[in-house]
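Student: One structure, as structure tokens, below. Some questions next.
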Amino acid sequence: MTDQPRPLTLMAVHAHPDDEATGTGGTLARYAAEGVRTVLVTCTDGACGDGPGGVKPGEPGHDPAAVAAQRRVELEASCEVLAVSDLELLGYGDSGMMGWDTNDAPGSFWSTPVPEAAKRLAELMIRYQPDVVVTYDENGFYGHPDHIQANRITMAALDLVQSQAKVYWTTAPRSAMENFGRVMRELGADWEAPPASEDGPREPAAEVAGPPPEIGLPDEEITTWVDVREFGGRKYDALATHASQEENIFFLKMGKERFTELMGVETFVRVHDGAANGAAVATGERETDLFAGLR
């Protein structure tokens, strides 16, 4: 019996349910359609998200266990829309925004020692042997503790397994932020206000909050621009599965066409070329495929 060739594999490491849709929904859908095995690792249970009717943590009617259960259902539905091959849940407690009491709660992701969580993620890397790994930058894109921790454990896990994968951090081009802010204001978002929701500014938007002045990167510092317009409808539908989270309503108000226009390119910074990539992507050249040099 002939062994089947190992499929190319993309692993995306995200902090909360719905981060996979806003940040990399188009990328996951595109590569799934191209026959790539897509592995989503979600680190926390999302229990600090919105409860029924948009109720916030600490307010009457917010039941963290019920929120986590609802968000798991939504996450599984999102994975189905995006045709994610494998969903892995690390199951850590949602840490909430920086400075919240939940940061230090027993079992929270933020309070978990990096080597401990990295070891669990490394076991998944050994199992799936990803060719490409995607997560957040060192500041978690905007400073959310769970996003920062996702970066830390991902980079530590890659070191543990001595991975030869290409590694990317998600980002946003500053050239696009002004237009995005204009659209969000048209839809009723207070784009200049400080973060108010548990997950803060998403990638790249928020419930009622806008990005800090220096969020994202200048275009010339972004290495990789992945065109996912063909999958904009799927990205939109995946986000719609997370309807319990009030901040997502602003995205959905756009409608699929405008949503795709604004969010039809997902951008990344390549931080490791991967041993198999060699000189396939010249330094300074704009990359359009996470798997460039691998196929």
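Student: Could you tell me the relative contact order of region 93-161? Use alpha-carbon pairs under 8 Å, at least six residues apart, and round to a whole percent.
Tutor: Reported relative contact order: 36 percent.
Student: What distance in nm separates the two pseudo spin-label positions at Glu80 and His272, each 7 Å out from Cα along the beta-carbon direction?
Tutor: 3.5 nm
Student: Kindly report, to the nearest 10 Å², the accessible surface of Lys253 as traced by a 1.4 Å probe over protein heavy atoms only.
Tutor: 120 Å²
Student: Quick check: convex hull of the Cα atoms in the chain, volume per residue, rounded to a whole Å³?
Tutor: In the chain, the Cα convex hull volume per residue is 126 Å³.
Student: Considering only DSSP beta bridges whose two residues both sit in the chain, what percent are antiparallel, to the nearest 5?
Tutor: Restricted to the chain, the bridges split so that about 30 percent are antiparallel.
Student: Oh, and also: If packing is taken as the average count of other Cβ atoms within 10 Å, what order do 60-67, 287-294, 72-79 fall into, highest mean first?
Tutor: My ranking of the peptides, most packed first, is 72-79, 287-294, 60-67.
Student: While we're looking at this one, here's another question. For a quick check, take a GNM of the chain with Cα springs below 10 Å and name the residue from Val81, Val161, Val132 with the largest mean-square fluctuation.
Tutor: Val161
Student: Roughly speaking, to the nearest percent, how much of the chain's 1.4 Å accessible area is carbon and sulfur?
Tutor: 51 percent
Student: Using 0.36 nm per residue of separation minus the Cα-Cα distance, give me the extension gain between Ala33 and Glu116 in nm, one decimal.
Tutor: Result for the pair: 26.5 nm of gain on full extension.
Student: Pick from Ile249, Ile153, Ile126: which is most flexible by mean-square fluctuation in a GNM of the chain where alpha carbon atoms under 10 Å apart are linked?
Tutor: So, out of Ile249, Ile153, Ile126, the one fluctuating most is Ile126.
Student: When the convex hull of the C-alpha atoms of region 79-159 is computed, what volume per residue in Å³ does it have?
Tutor: Considering the Cα atoms of region 79-159, their hull volume per residue is 108 Å³.
Student: Give me the distance in nm between label points sitting 7 Å out from Cα along the Cα-to-Cβ direction at Arg182 and Arg286, one decimal.
Tutor: 2.0 nm
Student: Taking a cut-off of 14 Å between Cα atoms, list the aspartates and glutamates near Lys166, but don't count ones fewer than 8 places away on the same chain.
Tutor: Asp131, Asp273, Glu287, Asp289
Student: What's the ranking of 13-20, 84-91 by average number of surrounding C-beta atoms within 10 Å, highest first?
Tutor: The packing order, highest mean first, is 13-20, 84-91.
Student: While we're on this one: Under a 1.4 Å probe, what is the accessible area of region 97-189 per residue, stated in Å²?
Tutor: That works out to 44 Å² for each residue.
Student: Keeping all protein chains in position, work out how much accessible area Met97 exposes to a 1.4 Å probe, and write it in Å² to the nearest 10.
Tutor: For Met97, the solvent-accessible surface is approximately 30 Å².
Student: Assuming R0 = 35 Å, can you tell me the calculated FRET efficiency for the pair Gln164 and Arg258, based on Cβ-Cβ distance, to the nearest 0.05?
Tutor: Given R0 = 35 Å and the Cβ-Cβ separation, E is 0.30.
Student: Suppose R0 equals 51 Å; then what is the FRET efficiency for Ile126 and Ser175 from their Cβ-Cβ distance, rounded to the nearest 0.05?
Tutor: The calculated FRET efficiency here is 0.85.
The values are calculated or read from the model by the stated rules, or taken from the named source; none is laboratory data. This one's a predicted model, so the numbers in the text were calculated from it and none came from an experiment. Methodologically, a virtual Cβ is constructed for each residue, glycine included, from the backbone with ideal geometry; neighbour enumeration extends over all protein chains shown. Each accessible area value is taken on the protein alone, full model and side chains, heavy atoms only, with ligands, DNA and RNA left out. Shrake-Rupley method; radii C 1.70, N 1.55, O 1.52, S 1.80 Å.
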